[in-house]
Amino acid sequence: MKKSLNVVGFISALLMLSTVVMKTNHLPGASIFMVLSGVALSIYLPFFVLYKPDEASNTGKNVAGIVGAISGSVINLGITFKFQHWPGAGVMIVLGLSTFALVFMPMLLKQKLKGEASERKTLMNTLGAAGLTLFALGILFKIQHWPGAAIMLGLSVFLLFFGYFLMYLSDKTIDSEAKTSYLRKAFLSIIIGCMVTTLILLSLNKPILKQYPEGQEVAETVDSRQ
């Protein structure tokens with residue numbers, strides 16, 4: 001299993017890096033590499049999420065992990081199809097993000113709250129799950145041009161940073177080394193996720209400012225004044 005995981009990960013990383021190099025240099029075949037990298041990443045993601053040899057077997061965790069891995073794979077394929085302008089992209093993106101937000105996050109929250117006696121940690125985990133849910137739904141609404149996306153994204157930032165992370169930072173019951181390690185991974189994941197999300201939104205949406213050929217903007221401005 002570990003060897004297969006490394007092989008699939010190597011292929012995915014190679015294809016994605018090749019896609020970036022070919023796309024930025026406008027080389028032929030970039031679209032083919034993009035599709036292959038999207039498919040490879042969709043295969044690698046379930047391997048990466050589900051393969052945890054150091055953890056004891058747990059049916060509930062496995063089910064939640066499977067749901068999370070499938071939703072991530074569907075989202076990735078939907079984005080790949082969207083870049084290629086293939087039919088079915090919107091359906092996959094909607095299904096993937098909806099499953100992540102409305103199925104996976106509640107299942108993950110239920111696991112976190114199971115047997116939890118501390119009201120503070122219950123509230124903290126609830127705020128974190130709510131923030132991630134709203135973030136996923138906000139991205140979905142933004143991609144589909146549905147109203148309410150800005151409100152959801154704004155609330156997700158507030159709940160995550162001014163709710164979950166502040167409570168986690170001030171929780172004295174958590175070991176300081178474990179807290180530092182977790183926060184470093186969490187913040188790095190957020191930074192990478194936001195960078196990828198921004199690139200996706202910039203690529204999928206039309207430019208905010210209309211592009212004019214040189215001199216045309218001035219001519220249209222003069223005409224409008226007359």
Inset, instruction - Determine the pairs where a residue that is free of Cβ contacts under 8 Å to residues at least 12 places away in the same chain and among the basic types (Lys, Arg), located within segment 77-103, has a partner that is surrounded by fewer than 13 Cβ atoms within 10 Å (Cβ to Cβ) and in a helix (DSSP H, G or I) with Cβ atoms under 7 Å apart, the partner being 6 or more residues away or on another chain. - result: none
Legend entry - Counted residues, segment 159-210 - those being surrounded by 13 or more Cβ atoms within 10 Å (Cβ to Cβ), at pLDDT 80 or above and among the β-branched types (Val, Ile, Thr): 2
Legend entry - Single residue of segment 43-64 satisfying the filter (among the small types (Gly, Ala, Ser) and modelled with pLDDT under 80) that is farthest from HIS85 (Cα to Cα): ALA56
Inset, instruction - Give just the number: which of (1) closer than 16 Å to VAL35 by Cα; (2) assigned to a helix (DSSP H, G or I) does TRP86 not satisfy? - result: (2)
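Residues are listed down the side, and each one gets a yes or a no for (1) within 19 Å of ALA64 (Cα to Cα); (2) outside the structural domain of ILE191 (by TED's automatic domain parsing); (3) in contact (Cβ under 8 Å) with a residue 12 or more places away in the chain:
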position: PRO106; (1), (2), (3): yes, yes, yes
position: LYS121; (1), (2), (3): no, yes, yes
position: GLY138; (1), (2), (3): no, no, yes
position: ALA149; (1), (2), (3): no, no, no
position: LEU159; (1), (2), (3): no, no, yes
position: PHE165; (1), (2), (3): no, no, yes
position: ASP171; (1), (2), (3): no, no, yes
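The values are calculated or read from the model by the stated rules, or taken from the named source; none is laboratory data. Because the structure is a prediction, the values reported are computed rather than measured. Every residue, glycine among them, receives a Cβ derived from its backbone with ideal geometry; neighbour counts consider all protein chains shown.
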